[in-house]
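Peer 1: Before I ask anything, let me first share the structure, which is written out below as structure tokens.
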Amino acid sequence: MLRADRRVVVSHVGSLVRPPAMIPYLEKIRDKEPYDEAAFEKSLTDSVAEAVRLQVEAGIDVVSDGEYGKSVNWAFYVHRRLSGLTWRPYTAEEAKDPTIAVIGGRDREAFPEFYGEYDARVLANARAAGRAIVTGAITYTGTAELQRDIANLKAGLAKVKGVTGFLPVVAPASALPNAKNEHYRDEETFLFGLAEALGTEYRAIIDAGLDLQVDDAFIPYQYEKMVPPMTLADYRNWASLRIDALNHALRGLPKDRTRYHICWGSWNGPHMFDVPIKDIVDLVLRVDVGYSFEAANPRHEHEWKVWKDVTLPVGKVLIPGLIAHSTNVVEHPDLVAERLLRYADIVGRDNVMAGTDCGFSQSPLAGRVHRSIMWAKLRCLAEGAAIASKLLWH
């Protein structure tokens with residue numbers, strides 16, 4: 001990852017609200033209607049170049065493609081890049097099981113009236129694909145689409161100066177969180193087979209000269225879906241196996257060009273039953289890379305204190321979220337600087353980057369804030385990092 005001289009580097013989690021030019025195509029793709037594929041590809045290439053330029057103008061040092069090339073969401077985009085999967089509707093019993101259904105958990109049980117309204121509005125653009133069934137060996141088949149995304153980002157980078165690029169990808173735990181295994185002999189073999197396939201995507205991004213971010217919202221999110229009736233120990237065992245699988249996928253890749261992002265699910269709901277970071281930080285640190293995590297929203301901002309009691313591995317970087325994707329309120333640069341200084345005081349000024357809580361649009365048509373507000377937030381993120389840098393290197 002980019003290191004700067006005498007200042008804090010600024011990045012974000014990756015996903016950006018899609019530009020108006022892409023929306024008509026994305027709606028047709030969602031609805032499985034015919035569309036002009038050549039025109040879409042040109043719009044995609046042009047939109048990524050514009051996104052790179054706008055990120056640079058906002059003061060971002062490590063930029064992404066906005067995840068514009070993902071036609072589904074941040075995690076399930078990979079389904080079309082994998083073999084060995086079939087799909088069927090959820091059974092009535094599966095749909096009621098929060099550990100299987102994608103949407104569910106204690107938050108929704110505690111606030112049914114809120115989620116009845118929220119899901120009707122926010123999930124209006126979603127199209128349920130059913131449950132993934134693993135019926136054969138999982139292999140990576142998405143090379144052409146991945147290389148298109150790599151090429152688009154590199155083309156955008158070629159038009160600007162002084163920045164580097166990264167691509168976000170999905171972790172094993174989040175790629176097929178509710179799949180039914182009908183092929184592999186056990187859960188561990190399935191997860192490591194999946195990790196082996198995902199590793200192909202990871203390596204291609206690194207080989208292209210880009211940095212790699214692995215997204216893993218389902219590691220924290222599954223807690224509220226599992227506990228109770230399961231115990232914290234049960235949940236940690238579940239998560240530990242998936243961390244092992246992720247490390248298998250990352251083996252041999254440069255640690256200084258890779259970062260691991262966790263969040264508690266990006267929706268702007270109550271989040272009253274999120275697992276505390278103190279209960280999973282040791283698991284997160286087993287992934288021997290940099291660490292990006294939510295730290296600006298009102299449910300998790302106080303957890304900066306946890307890092308006082310944690311030994312950050314030598315050479316590792318924290319990328320705390322300093323602005324939130326979950327509110328249209330634009331953070332003041334002074335607040336961004338204050339949040340950043342907390343972490344710098346604990347782990348050292350050379351071991352922090354400025355980041356965001358999560359992406360701004362977890363699927364193509366599900367922006368969390370207005371596009372204009374997103375850019376204002378990113379500008380304030382960069383301004384706050386500049387304020388903190390002056391204080392840290394005065």
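Peer 1: Name the residues in the stretch 325-339 that are part of a helix (DSSP H, G or I) and either open to solvent by less than 50 Å² (accessible area, probe 1.4 Å) or β-branched (Val, Ile, Thr) (or both), would you? It would help to see each step written out before you state the result.
Peer 2: Applying the first criterion (part of a helix (DSSP H, G or I)) to the stretch 325-339 yields 333-339.
PRO333, VAL336, ALA337, ARG339 - these are the residues of the stretch 325-339 that are part of a helix (DSSP H, G or I) and either open to solvent by less than 50 Å² (accessible area, probe 1.4 Å) or β-branched (Val, Ile, Thr) (or both).
Peer 1: Just give me the residues in the stretch 47-97 being touching a Lys or Arg at 6+ places or on another chain (Cβ under 7 Å), free of Cβ contacts under 8 Å to residues at least 60 places away in the same chain and assigned to a loop (DSSP other than H, G, I, E, B), in sequence order.
Peer 2: Of everything in the stretch 47-97, just one residue is touching a Lys or Arg at 6+ places or on another chain (Cβ under 7 Å), free of Cβ contacts under 8 Å to residues at least 60 places away in the same chain and assigned to a loop (DSSP other than H, G, I, E, B), namely TYR90.
Peer 1: So the check is Cβ under 7 Å with 6+ separation or different chains; which pairs have a first residue in the stretch 8-26 that's under 19 Å from ALA38 (Cβ atoms) and a second one that's open to solvent by 20 Å² or more (accessible area, probe 1.4 Å) and hydroxyl-bearing (Ser, Thr, Tyr)?
Peer 2: Pairs that qualify, where the first residue is under 19 Å from ALA38 (Cβ atoms) and the partner is open to solvent by 20 Å² or more (accessible area, probe 1.4 Å) and hydroxyl-bearing (Ser, Thr, Tyr), are TYR25/TYR35.
Peer 1: Every residue in the stretch 45-80 that is surrounded by fewer than 21 Cβ atoms within 10 Å (Cβ to Cβ) and either over 20 Å from the mean Cα position of the chain (by Cα) or closer than 25 Å to ALA158 by Cβ (or both), please.
Peer 2: Scanning the stretch 45-80 gives THR45, ASP46, ALA49, GLU50, ARG53, LEU54, VAL56, GLU57, ALA58, GLY59, SER71.
Peer 1: What are the residues in the stretch 30-44 that are within 28 Å of ASP211 (Cβ to Cβ) and either free of Cβ contacts under 8 Å to residues at least 24 places away in the same chain or under 22 Å from the mean Cα position of the chain (by Cα) (or both), if any? Spell out the reasoning first.
Peer 2: Filtering the stretch 30-44 for residues within 28 Å of ASP211 (Cβ to Cβ) gives 40-44.
Residues satisfying the conditions are PHE40, LYS42, SER43, LEU44.
Peer 1: Within the stretch 345-360, take every residue that is of a type outside the set (Lys, Arg), in contact with a helix residue (DSSP H, G or I) (Cβ under 6 Å, 6 or more places away or on another chain) and not in a strand (DSSP E or B) and give me the one that is surrounded by the fewest Cβ atoms within 10 Å (Cβ to Cβ).
Peer 2: Filtering the stretch 345-360 for residues that are of a type outside the set (Lys, Arg), in contact with a helix residue (DSSP H, G or I) (Cβ under 6 Å, 6 or more places away or on another chain) and not in a strand (DSSP E or B), the one surrounded by the fewest Cβ atoms within 10 Å (Cβ to Cβ) comes out as ILE346.
Peer 1: Which ones in the stretch 18-48 are β-branched (Val, Ile, Thr) and farther than 20 Å from VAL63 by Cα? Before the answer, list the steps.
Peer 2: Quick first cut of the stretch 18-48, residues β-branched (Val, Ile, Thr) only: 23, 29, 45, 48.
Passing the criteria: ILE23, ILE29.
The values are calculated or read from the model by the stated rules, or taken from the named source; none is laboratory data. Quick caveat, the model's predicted, so the values are computed rather than measured. Positions of Cβ are backbone-derived with ideal geometry, glycine not excepted, and every protein chain shown enters the neighbour counts. Surface accessibility is based on the protein's heavy atoms, side chains included, excluding ligands, DNA and RNA. Shrake-Rupley method; radii C 1.70, N 1.55, O 1.52, S 1.80 Å.
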